[in-house]
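Comments concern the structure below.
The values are calculated or read from the model by the stated rules, or taken from the named source; none is laboratory data. This structure is a prediction, so every number in the text was calculated from the model and none was measured. Cβ atoms come from the backbone with ideal geometry, glycine included; neighbour counts cover every protein chain shown.
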Amino acid sequence: MKFDLNLEEINYIKFLYKDRYNFSHYIKAAIQKLEDKYLFAGVKSEKNIIIETPQEVVLSFISDNGLYKSTTTLNFVRYDEQEQYLFFSLIVPKEVEYQQNREYFRVEIHEKAELTQKNESKAINVPAEIHDISANGVRIVLPETISFAEGEEVNLKLFFPQKEIITTAQFVRTDEDDNQFKASFHFTNLNTKDLDFISRLCLKK
C-alpha cells in the first residue's frame, strides 16, 4: 500500500540490521527530519555501535494508527561523541505493509489486579496480577486454579501507577505454564479514555 509519511503521526521507528558477524539487532530511534527521499533519525547511546553501511534493513513505523513495515536501505551511521548520539540516514520506502492495529498490540506488563467473580449468593474477590495486556483484552495470573463458565463475565480492576481501570470482561480461556495459573479475558465495556490509555501504554512498551 502507498504510505503517506506524516511525521506528526509517527511515534518512532525501529529497524532490524545485521552486524559484521551476520547477527540481527533492533534499533529504536526518533525521526528528526525528512529531506527528499531520505529519512534522518537518532537515538541516545553511550557508545558507538559499529554498523556496516550501506545495507538493507527491515524498517518499522510505529504510529498512532498502528504498525507499518517495509524494507529499505540504511545509508550511513554517524556517532557524535560530544552529544553521545547515533545518527542514521535511511531511504524512505515507496511502499509499506500495514501490520497491526494499535488496539491489538499485546505487551507483557506486571501490575496488580483484582477479579470479582459472581455466583448465585455472593461476589468473590480474588487478588491477581496482570501478565500481558492489549486494548482488546488482558491475561492475568491468579493465586489458585479457579473454574470459569464458558463466556462468563467478571468484574476487573487493573491498577497502574498512573490510573485505576474498572471494567467488565468475558472469560476466554485458561492456561498453566511456569507453574502459574493464567486466565484470559476480553474487555466488554472498556470506555474510550481507558482504551486510549492502554493503547498508549502498549505502544510505549
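Looking only at segment 45-57, count how many residues are touching a strand residue (DSSP E or B) at 6+ places or on another chain (Cβ under 7 Å) and modelled with pLDDT under 90.
Of the residues in that region, 3 qualify.
Inside segment 163-196, can you point out the residues that are hydrophobic (A, V, I, L, M, F, W, C) and touching a helix residue (DSSP H, G or I) at 6+ places or on another chain (Cβ under 9 Å)? Selection gives ILE165, ILE166, PHE187, LEU190, LEU195. Is it fair to say ASP175 is outside any strand (DSSP E or B) and out of contact with any Asp or Glu (no Cβ under 6 Å at 6 or more places or on another chain)? For ASP175, the condition - outside any strand (DSSP E or B) and out of contact with any Asp or Glu (no Cβ under 6 Å at 6 or more places or on another chain) - is not met. If you check ILE10, ILE27 for being touching a residue at least 60 places away in the same chain (Cβ under 8 Å) and either farther than 30 Å from ARG200 by Cβ or of a type outside the set (Asp, Glu) (or both), only one passes: ILE27. Which residue out of GLU103, GLU111 is modelled with pLDDT of 90 or more and in contact with a strand residue (DSSP E or B) (Cβ under 9 Å, 6 or more places away or on another chain)? Checking each option against the conditions leaves just GLU111.
Right, ILE62: among the β-branched types (Val, Ile, Thr) and more than 21 Å from GLU9 (Cβ to Cβ) or not? In short, no.
Mind listing just one residue for me: the one in segment 133-157 that is touching a residue at least 40 places away in the same chain (Cβ under 8 Å), among the hydrophobic types (A, V, I, L, M, F, W, C) and part of a strand (DSSP E or B) and, of those, nearest to GLY66 (Cα to Cα)?
Filtering segment 133-157 for residues that are touching a residue at least 40 places away in the same chain (Cβ under 8 Å), among the hydrophobic types (A, V, I, L, M, F, W, C) and part of a strand (DSSP E or B), the one nearest to GLY66 (Cα to Cα) comes out as ILE133.
Test PRO93 against the criterion of being of a type outside the set (A, V, I, L, M), closer than 30 Å to ALA41 by Cβ, modelled with pLDDT of 90 or more and assigned to a loop (DSSP other than H, G, I, E, B), and give yes or no. The answer is no for PRO93. Only one entry of LEU16, LEU67, LEU39 meets the criterion of being in a strand (DSSP E or B), surrounded by 12 or more Cβ atoms within 10 Å (Cβ to Cβ) and at pLDDT below 85, and that entry is LEU67.
In the set LEU195, LEU201, LEU190, which member is assigned to a loop (DSSP other than H, G, I, E, B) and surrounded by 12 or more Cβ atoms within 10 Å (Cβ to Cβ)? One residue alone meets the criteria, LEU190. Screening LYS204 with (1) free of Cβ contacts under 8 Å to residues at least 12 places away in the same chain; (2) within 17 Å of GLU108 (Cβ to Cβ); (3) more than 21 Å from the chain's Cα centre (by Cα) gives one miss only, at (3).
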